[in-house]
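Here's the structure, in structure tokens; my notes come after.
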Amino acid sequence: WQITARKQFGDLVGVEFRYFKMDDWHATFGTPTIAGGSGVVYNGDVRNASGILGLFTVPVRSSLSYTSELQNLEANLRLQLTENIVGLIGYRHLEWHDRMTVNQVQTTAPFWASHDIRAQNDLDGAQIGGEANLLEWQGLRIDGLVKAGVFQNAASNHLEYNNNFSAGVPAVTGCDSSVTSFVGEVGLNATVQVTRNIAVRGGYMCLWIYEI
């Protein structure tokens with residue numbers, strides 16, 4: 001969903017504030033009991049005195065849950081360049097957060113293991129763009145939109161591993177980094193003027209994020 005507020009100062013200059021959010025996208029997946037085990041080996045820092053944890057050679061049941069959330073807040077200066085073209089200069093803050101949890105349970109022994117993986121990307125930067133009136137005919141108006149910008153991305157990744165032998169003390173690892181990212185947006189909107197004061201608007205938006 002999206003909220004946009006605009007204020008015009010004369011015929012040539014205006015400001016725009018825009019917020020949109022992709023409500024938590026969620027997916028789950030579960031497997032039936034696998035008689036031969038999961039056959040999954042986890043390398044890296046997740047170890048105990050017996051060696052690498054995470055290799056199941058007995059019947060195991062697994063479940064996976066994945067959640068993704070996207071939020072965007074921006075403020076743009078609107079400049080009327082021609083009768084049908086508006087230039088945009090502004091600031092954008094964008095958050096993309098993902099979380100995946102994997103749970104595995106042995107069905108013939110009192111052993112369970114869980115993995116909680118989180119990735120966060122928080123982007124801030126400047127952008128330029130434009131809007132154009134592509135068609136206007138008998139109450140129908142079609143507009144095109146394009147924006148592009150360079151952003152500083154504060155990225156982080158967090159992994160937490162736990163099992164019933166860890167006495168409630170999970171193994172934790174992760175990293176933080178700062179990278180330069182690109183965000184591009186294109187859109188196409190159609191507006192139908194129903195009455196003098198009421199219009200119905202619908203459209204399509206494509207958001208491209210590079211380096212997250």
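The values are calculated or read from the model by the stated rules, or taken from the named source; none is laboratory data. Keep in mind that this is a model prediction, so the values were computed, not measured. Ideal geometry is used to build each Cβ from the backbone, glycine not excepted, and the neighbour counts take in all protein chains shown. Calculation scope for accessible area: heavy atoms of the full protein, side chains included, ligands and nucleic acids excluded. Shrake-Rupley method; radii C 1.70, N 1.55, O 1.52, S 1.80 Å.
Couple of notes before you dig in:
- N121 being surrounded by fewer than 16 Cβ atoms within 10 Å (Cβ to Cβ), over 18 Å from E160 (Cβ atoms) and not aliphatic (A, V, I, L, M): no
- Scanning segment 174-187 for residues that are surrounded by 15 or more Cβ atoms within 10 Å (Cβ to Cβ) and acidic (D, E) gives a single hit, E185.
- Only one entry of A190, A199 meets the criterion of being more than 16 Å from Q127 (Cα to Cα), surrounded by 15 or more Cβ atoms within 10 Å (Cβ to Cβ) and over 14 Å from the mean Cα position of the chain (by Cα), and that entry is A190.
- Filter result (among the charged types (D, E, K, R) and touching a residue at least 40 places away in the same chain (Cβ under 8 Å)) within segment 84-104: R92
- Candidates S114, S178 - the one that is polar (S, T, N, Q), free of Cβ contacts under 8 Å to residues at least 40 places away in the same chain and part of a strand (DSSP E or B): S178
- Residue match in segment 169-180 (condition: farther than 22 Å from S114 by Cα and of a type in the set (D, E, K, R)): yes
- Filter result (over 24 Å from L77 (Cα atoms) and open to solvent by less than 60 Å² (accessible area, probe 1.4 Å)) within segment 125-153: G139, L140
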